[in-house]
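Student: Take a look at this one; I'll ask things after.
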Amino acid sequence: MNKIKQATRILQRLLENGELNQDQENELFSAYTDPDVSEIMSVFEEEMDMVVIRAGKSLYLIPGQDNRVLGFRTKEFKEWLGSGATMSDIYQGYYIAMVLFSQFYSGKNQNPKIRPFLSVAQLIEILDQRFGTILKQEEEAVREQEEELGLNLIGVAESWKSKVRMEGTARTTKQGVVLRVCRLLEGENLILLLENDREIRTTKKLDDLMKYYFLNDQRVAEIHKIFEKGGESHGIIESYTHS
């Protein structure tokens, strides 16, 4: 019974915070290494459609892609983007997040992080190139990519092209769209917006999740394939961000 209580307490902390750190919760972290507790946690993972990742001194909870209780849902993403956001806006947000992550990580090395920061202006330039390439491709080729990504790339690219290239937080500007996505990711403790919202840096949580979970060989191959079809390959991602 004591093992069940320990596993339940670990699960509770993960549900509350999304992570559990050894420095702050040494007793619970140590309990997780107990084979009996780990076995109980495995049952929780299977039954609740989630994965618990150990990365150094931290444990992280990742909802399964079909998890409608713990996962980040389209409705919540839409609320972050603002009233009146369409499905095209939501898909655009997903794609921007994928491209953002791809600029920070490469799955080829022991340490996959390839840069310490990225400016918002740089990200907008990269997105201009990506979406411009999509609109120049043959429609059939783009449709194939849409099936692989599960995104309406043409609609997303046309929506991006219609945005005004100027500073501001409105959803009608490119900077406004990027900042809304960044603030959503910042709220999930995945990135930090610094220098008056001009600079993007990743958090330890995102670094750990990329290194220990998302950047496995299969995910790397899948995303490289998609981005290579969509334009130049810059050694980019590597991984999905799912909601």
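The values are calculated or read from the model by the stated rules, or taken from the named source; none is laboratory data. Here the structure is a predicted model, which means the values were calculated and not measured. FYI the Cβ positions are ideal-geometry reconstructions off the backbone, even for glycines, and counts take in every protein chain you see.
Student: Can you say whether GLU158 is at pLDDT 90 or above and acidic (Asp, Glu), as far as the supplied structure shows?
Tutor: Answer is no for this residue.
Student: Among the residues of the range 90-107, is there at least one that is part of a loop (DSSP other than H, G, I, E, B), modelled with pLDDT under 70 and either in contact with an Asp or Glu (Cβ under 9 Å, 6 or more places away or on another chain) or among the hydrophobic types (A, V, I, L, M, F, W, C) (or both)? Write out each step before concluding.
Tutor: The initial filter retains those residues of the range 90-107 that are part of a loop (DSSP other than H, G, I, E, B), namely 103-104, 106-107.
The next check asks that each one be modelled with pLDDT under 70; those that pass are 107.
Going one step further and asking which of them are either in contact with an Asp or Glu (Cβ under 9 Å, 6 or more places away or on another chain) or among the hydrophobic types (A, V, I, L, M, F, W, C) (or both), we end up with 107.
Yes: the range 90-107 contains one or more residues that are part of a loop (DSSP other than H, G, I, E, B), modelled with pLDDT under 70 and either in contact with an Asp or Glu (Cβ under 9 Å, 6 or more places away or on another chain) or among the hydrophobic types (A, V, I, L, M, F, W, C) (or both).
Student: Which of the residues belonging to the range 108-142 are in a loop (DSSP other than H, G, I, E, B) and not β-branched (Val, Ile, Thr)?
Tutor: Residues satisfying the conditions are LYS108, ASN109, GLN110, ASN111, PRO112, ARG115, PRO116, PHE117, GLN137, GLU138.
Student: While we're looking at this one, here's another question. Of the conditions (1) closer than 20 Å to ALA97 by Cβ; (2) in contact (Cβ under 8 Å) with a residue 24 or more places away in the chain; (3) part of a helix (DSSP H, G or I); (4) of a type outside the set (Gly, Ala, Ser), ARG171 clears all except one; give me its number.
Tutor: (3)
Student: Could you list, in sequence order, the residues of the range 24-44 that are out of contact with any helix residue (DSSP H, G or I) (no Cβ under 9 Å at 6 or more places or on another chain) and surrounded by 11 or more Cβ atoms within 10 Å (Cβ to Cβ)?
Tutor: So the first thing to find is which residues in the range 24-44 are out of contact with any helix residue (DSSP H, G or I) (no Cβ under 9 Å at 6 or more places or on another chain), and the list is 24, 26, 30, 33, 35, 42.
GLN24, ASN26, SER30, SER42, listed by residue number.
Student: For GLY235, indicate whether it is modelled with pLDDT of 75 or more and over 16 Å from TYR94 (Cβ atoms).
Tutor: no
Student: Still on this structure, I have one more. Restrict the check to the range 199-216 and report whether at least one residue is over 15 Å from the mean Cα position of the chain (by Cα), acidic (Asp, Glu) and modelled with pLDDT of 90 or more. Walk me through it before giving the result.
Tutor: So the first thing to find is which residues in the range 199-216 are over 15 Å from the mean Cα position of the chain (by Cα), and the list is 199.
Retained after the next criterion (residues that are acidic (Asp, Glu)): 199.
When the remaining residues are screened for being modelled with pLDDT of 90 or more, the result is 199.
Within the range 199-216, one or more residues are over 15 Å from the mean Cα position of the chain (by Cα), acidic (Asp, Glu) and modelled with pLDDT of 90 or more.
Student: Kindly indicate the residue of the range 21-67 that is in a helix (DSSP H, G or I) and of a type in the set (Phe, Trp, Tyr) and also farthest from TYR212 (Cα to Cα) among those meeting that condition.
Tutor: PHE44
Student: Scan the range 135-153 and give yes if some residue there is at pLDDT 85 or above and over 14 Å from GLY93 (Cα atoms), otherwise no.
Tutor: The answer is yes, given that some residue of the range 135-153 is at pLDDT 85 or above and over 14 Å from GLY93 (Cα atoms).
Student: Give the number of residues within the range 103-135 that are touching a helix residue (DSSP H, G or I) at 6+ places or on another chain (Cβ under 7 Å) and either of a type outside the set (D, E, K, R) or within 19 Å of GLU195 (Cα to Cα) (or both).
Tutor: Of the residues in that region, 12 qualify.
Student: Among (1) closer than 17 Å to LEU81 by Cα; (2) touching a strand residue (DSSP E or B) at 6+ places or on another chain (Cβ under 9 Å); (3) of a type in the set (A, V, I, L, M), which single condition is LEU118 missing?
Tutor: Every condition holds for LEU118 apart from (1).
Student: Against the definition (at pLDDT 85 or above and either buried (at least 21 other Cβ atoms within 10 Å of the Cβ) or at negative phi (or both)), how does LEU190 come out, yes or no?
Tutor: yes
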